[in-house]
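**Student:** Quick one: the structure is below, questions incoming.
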Amino acid sequence: MSNLPNIAINKERLWESLMEMAKIGGTAKGGNCRLALTDLDKQGRDLFVRWCTEAGCTVTVDRMGNIFARRPGRKPELDPVVTGSHLDTQPTGGKFDGVYGVLAGLEVIRTLNDHGFETDAPVEVSVWTNEEGSRFAPAMTASGVFAGVFTEDYAHAIPDQDGKKLGDELKRIGYLGDQPCGGRKFRAFFEAHIEQGPILEAEKRTIGVVKGAQGQRWFEVTITGQESHAGTTPMNRRRDALLGAARMVDRINAIALAHAPNAVSTVGVLRAMPGSRNTIPGSVFFTVDMRHPEDKALSSMAASLEAALATVCGEIGLKYECKEIWYSRPVAFDKDCVEAVKRAAGESGFENMEIISGAGHDACYISRVAPTGMIFVPCADGISHNEIESATPDDLAAGCNVLLRAMLERAVL
Ligand code: HGY
Ligand code: MN
Ligand code: MN
């Protein structure tokens with residue numbers, strides 16, 4: 001489109017904003033820990049709101065704590081072109097997962113301001129509450145409420161492991177907004193994010209044109225045996241819940257391998273009770289995260305999990321309870337948005353390739369209620385959800401320039 005301005009973002013300013021935000025919840029190893037709705041999350045949100053207000057945006061907050069910073073366009077009656085991501089992190093997260101998409105959106109606004117460029121449609125940058133699902137499970141909760149996947153009551157009632165409820169924590173940090181969550185149309189939604197995997201780096205591409213994201217199923221399993229004395233209980237009389245859980249960890253790994261090459265499965269949390277070195281564990285709680293790009297394969301993995309639990313617990317005389325707490329189906333993004341990202345990358349001269357996201361993102365749920373696309377940039381060694389997560393200023397700027405172009409294509413009539 002020839003009527004688009006030939007403007008570029010400010011690479012240094014984007015990097016400085018990322019490093020400034022990274023000071024909030026910064027860890028000794030150079031990562032970030034800003035768990036959802038903690039005081040540190042509040043500090044990150046407050047800094048973002050201050051920056052957006054300084055950039056002349058009107059900021060609103062909805063009842064799930066989602067933040068929307070709006071830059072007016074010539075035609076306020078048009079639905080906004082929206083970008084954004086999340087500010088909450090994993091406990092040992094990095095400086096870029098989520099934050100990059102939020103601050104790339106702010107950089108788009110700052111760049112438009114620098115050039116005094118007025119779009120036709122309004123432009124908004126959003127922050128989605130509890131994308132990670134680490135403190136409050138499941139993930140992508142607030143974008144899920146916005147898309148009508150979860151009710152607000154369900155989301156507000158989610159407890160963390162200390163029993164604190166998501167809705168109460170929203171109120172405590174002052175981000176229980178007055179706007180209803182959802183029911184608002186977007187002209188388009190674009191999310192910029194680090195790939196969090198090794199493909200772009202291995203293929204030496206700067207931009208990932210994200211066609212969609214794989215499906216996920218999350219389970220919580222409790223295996224119950226019998227606590228008894230580690231010294232006096234003969235091996236053939238034990239009902240050792242941790243032995244059952246240990247065998248299940250290996251089986252869960254084998255289920256992914258049996259659905260190769262695209263399946264992945266992870267046991268991320270495992271708690272053995274009572275947790276005393278000379279008492280045989282009577283109960284073990286663990287989480288299961290299973291993912292696959294095809295729904296059928298994901299269902300087959302879930303069925304294999306159930307079968308393995310019955311076999312393993314039968315062998316050792318244990319009981320089990322397996323609860324599926326989340327199912328997020330595989331997602332295909334809007335073809336026009338995918339093409340807009342590809343065009344923007346090509347016209348900007350960046351080596352790019354189509355890719356399916358291994359990670360979940362707020363864009364996955366927003367794609368249910370708005371035309372949605374995503375832009376990936378590489379991260380070093382494909383490492384993420386790790387304090388050493390890193391990306392280069394050049395790649396981050398490239399992704400932000402592609403975001404600017406893709407958004408302008410939708411915001412300028
Ligand atoms: O787990 C995920 O895919 C995302 O990082 N929340
Ligand atoms: Mn993320
Ligand atoms: Mn993440």
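**Student:** Pick out, from the stretch 36-121, the strands (runs of 3 or more DSSP E) lying fully within it that include 1 or more residues that are touching a strand residue (DSSP E or B) at 6+ places or on another chain (Cβ under 6 Å) and of a type in the set (D, E, K, R).
**Tutor:** 67-71
**Student:** For E389, only one of the following conditions fails: (1) without any contact (Cβ under 8 Å) to a residue 60 or more places away in the chain; (2) of a type outside the set (V, I, T); (3) within 16 Å of ligand 1 (Cβ to nearest atom). What is its number?
**Tutor:** Condition not satisfied by E389: (1).
**Student:** Of all residues in the stretch 157-180, count the ones that are in contact (Cβ under 8 Å) with a residue 40 or more places away in the chain and surrounded by fewer than 22 Cβ atoms within 10 Å (Cβ to Cβ).
**Tutor:** Looking only at that region, the number is 8.
**Student:** With I199, I255 as the choices, which residue is farther than 30 Å from E351 by Cα, more than 16 Å from ligand 2 (Cβ to nearest atom) and at pLDDT 95 or above?
**Tutor:** I255
**Student:** Does the stretch 75-96 hold any residues that are under 19 Å from F189 (Cα atoms) and either within 16 Å of ligand 1 (Cβ to nearest atom) or of a type outside the set (A, V, I, L, M, F, W, C) (or both), and which are they?
**Tutor:** Listed by number, the residues that qualify are K75, P76, E77, D79, P80, T83, G84, S85, H86, L87.
**Student:** Check whether at least one residue in the stretch 348-360 is under 29 Å from F117 (Cβ atoms), in contact (Cβ under 8 Å) with a residue 24 or more places away in the chain and among the aromatic types (F, W, Y), and report yes or no.
**Tutor:** Looking for residues that are under 29 Å from F117 (Cβ atoms), in contact (Cβ under 8 Å) with a residue 24 or more places away in the chain and among the aromatic types (F, W, Y), one finds at least one in the stretch 348-360, hence yes.
**Student:** Is there any pair with a first residue in the stretch 368-384 that is without any contact (Cβ under 8 Å) to a residue 40 or more places away in the chain and a second that is in a strand (DSSP E or B) whose Cβ atoms are under 9 Å apart and which are 6 or more apart or on different chains, and what are they?
**Tutor:** Note: no pairs meet the criteria.
**Student:** Taking L87 as the residue in question, decide whether it is within 12 Å of ligand 2 (Cβ to nearest atom), surrounded by 24 or more Cβ atoms within 10 Å (Cβ to Cβ) and within 19 Å of F68 (Cβ to Cβ).
**Tutor:** Taking the combined requirement at face value, the residue satisfies it.
**Student:** So, in the stretch 280-315, how many residues would count as being within 14 Å of R329 (Cα to Cα) and in a loop (DSSP other than H, G, I, E, B)?
**Tutor:** Of the residues in that region, 2 qualify.
**Student:** In the list G208, G183, which residue meets the criterion of being more than 30 Å from G314 (Cβ to Cβ), surrounded by fewer than 24 Cβ atoms within 10 Å (Cβ to Cβ) and of a type outside the set (F, W, Y)?
**Tutor:** Of the residues listed, the single one that is more than 30 Å from G314 (Cβ to Cβ), surrounded by fewer than 24 Cβ atoms within 10 Å (Cβ to Cβ) and of a type outside the set (F, W, Y) is G183.
**Student:** Of all residues in the stretch 327-346 being surrounded by fewer than 14 Cβ atoms within 10 Å (Cβ to Cβ) and not basic (K, R), which is farthest from ligand 1 (Cβ to nearest atom)?
**Tutor:** Filtering the stretch 327-346 for residues that are surrounded by fewer than 14 Cβ atoms within 10 Å (Cβ to Cβ) and not basic (K, R), the one farthest from ligand 1 (Cβ to nearest atom) comes out as D336.
**Student:** Would you please name the residue that is farthest from L403 (Cα to Cα), looking only at residues in the stretch 30-72 that are of a type in the set (G, A, S) and surrounded by fewer than 20 Cβ atoms within 10 Å (Cβ to Cβ)?
**Tutor:** Checking each candidate, the answer is G30.
**Student:** I would also like to ask the following. With A370, A397 as the choices, which residue is farther than 30 Å from F150 by Cα, surrounded by 18 or more Cβ atoms within 10 Å (Cβ to Cβ) and more than 16 Å from ligand 2 (Cβ to nearest atom)?
**Tutor:** Testing whether each residue is farther than 30 Å from F150 by Cα, surrounded by 18 or more Cβ atoms within 10 Å (Cβ to Cβ) and more than 16 Å from ligand 2 (Cβ to nearest atom) leaves just A397.
**Student:** Return the residues of the stretch 356-367 that are away from ligand 2 (no atom under 11 Å from the Cβ), under 11 Å from the mean Cα position of the chain (by Cα) and surrounded by 24 or more Cβ atoms within 10 Å (Cβ to Cβ); say none if nothing qualifies.
**Tutor:** Y365
**Student:** Any residue in the stretch 139-150 that's within 16 Å of R184 (Cβ to Cβ) and part of a loop (DSSP other than H, G, I, E, B): show its pairings with residues that are more than 14 Å from ligand 2 (Cβ to nearest atom) and of a type outside the set (A, V, I, L, M, F, W, C) at Cβ separation under 9 Å, as long as the two are six or more apart or on different chains.
**Tutor:** A147/G182; A147/S367; A147/R368; G148/G182; G148/G183; G148/R368; V149/R368
**Student:** Within the stretch 349-371, track down each residue that is in a strand (DSSP E or B) and either hydrophobic (A, V, I, L, M, F, W, C) or within 15 Å of ligand 1 (Cβ to nearest atom) (or both).
**Tutor:** M353, I355, I356, S357
**Student:** For the stretch 225-244, give me the residue count where each residue is in contact with a helix residue (DSSP H, G or I) (Cβ under 9 Å, 6 or more places away or on another chain) and part of a helix (DSSP H, G or I).
**Tutor:** Result for the stretch 225-244: 3.
**Student:** Same structure again: Can you tell me which residue is nearest to K319 (Cα to Cα) among those in the stretch 283-297 that are within 16 Å of ligand 3 (Cβ to nearest atom) and in contact with a Leu (Cβ under 9 Å, 6 or more places away or on another chain)?
**Tutor:** T287
**Student:** Is it the case that T119 is polar (S, T, N, Q), away from ligand 2 (no atom under 11 Å from the Cβ) and under 21 Å from P371 (Cα atoms)?
**Tutor:** Considered against the rule, which asks whether it is polar (S, T, N, Q), away from ligand 2 (no atom under 11 Å from the Cβ) and under 21 Å from P371 (Cα atoms), T119 comes out as yes.
**Student:** Would you say A302 is of a type in the set (G, A, S) and under 24 Å from the mean Cα position of the chain (by Cα)?
**Tutor:** Considered against the rule, which asks whether it is of a type in the set (G, A, S) and under 24 Å from the mean Cα position of the chain (by Cα), A302 comes out as yes.
**Student:** So, S384, is that one in a loop (DSSP other than H, G, I, E, B) and touching a Cys at 6+ places or on another chain (Cβ under 7 Å) or not?
**Tutor:** no
The values are calculated or read from the model by the stated rules, or taken from the named source; none is laboratory data. These numbers were taken from a predicted model, which means no experiment stands behind them. All Cβ positions, even for glycine, are placed from backbone atoms using ideal geometry, and neighbour counts span all protein chains on display.
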